[in-house]
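Working notes, structure below.
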Amino acid sequence: MAKRQIFYSFHFDNDVFRVQQIRNMGVLEGNEPVSVNEWETVKRGGDASVKRWIDDTMKYKSCLAVLVGAETSYRKWVKYEIEKAWNDGKAVVGIYIHNIKCPRAGICRQGSNPFEQIFLKDGRRLSSLVKCYNPNSYTAYNDIASNLENWIEDAIKYR
């Protein structure tokens, strides 16, 4: 089976090193990591520039994988990415990454489920439809590596 094209959503400043470990697993294809310099350039262009970058990068992806760290659910652009993916009919899945060790900061506290804060037109929370997986705290890296492809496929089948 061909590898799925995934858009990873996460809090760049806090979790980029954790996310890089997940990307390096080689289980899935995702958007190429944006460099710090490129991201700063995009941000300097203002909200319209950030939206355009997200929209263009997400365009041909089949699934949005939200990699949830301590503060991910509070990030404006993560919320935008979730809403855009869902409204565009893309599969959406969440994965807690707080137990992946960051070389700078070690592990962090578990953040809140970002899908709890997004409401559908009928009043339900998106969390009632989208799974947010919490890998085993002792073997988080291996748990994600072993299950990521299945979690993505399940989200795609659900959508």
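The local environment of G45, defined by Cβ-Cβ distances under 12 Å, has a net charge of +1 under the rule Lys, Arg +1 and Asp, Glu -1. Please report the orientation-averaged projected area of the chain, defined via the convex hull of its C-alpha atoms, in nm². Answer in nm², one decimal: 9.1.
Nearest 500 deg cm²/dmol is fine: what mean residue ellipticity at 222 nm does the chain get from its DSSP H runs of n ≥ 4 alone, each adding -39,500 (n - 2.57), divided by its residue count?
Working: 5 runs with 65 residues, N = 159.
That comes out to -13000 deg cm²/dmol.
Fewest-first ordering of K121, K59, K90, K101 by other beta carbons within 10 Å of each residue's beta carbon gives K121, K59, K101, K90. Computed from Cα atoms alone, the Kirkwood hydrodynamic radius reported for segment 92-145 is 12.4 Å. With the simple spin-label model, which puts each label point 7 Å out from Cα in the Cβ direction, the T139 to D47 separation comes to 4.6 nm. When R124, R109 are sorted by how many other C-beta atoms sit within 10 angstrom of their C-beta, beginning with the fewest, the order is R109, R124. Each label point was placed 7 Å from the Cα along the Cα-to-Cβ direction; for D55 and I107 their separation is 4.1 nm. Within segment 5-158, DSSP assigns beta bridges of which about 10% are antiparallel (rounded to the nearest 5).
None of the figures in this text is laboratory data; all of them are computed from the coordinates on show. Just so it is clear, the model here is predicted, and its values are computed rather than measured. Glycine also receives a Cβ, built like all others from the backbone with ideal geometry; neighbour counts cover every protein chain displayed.
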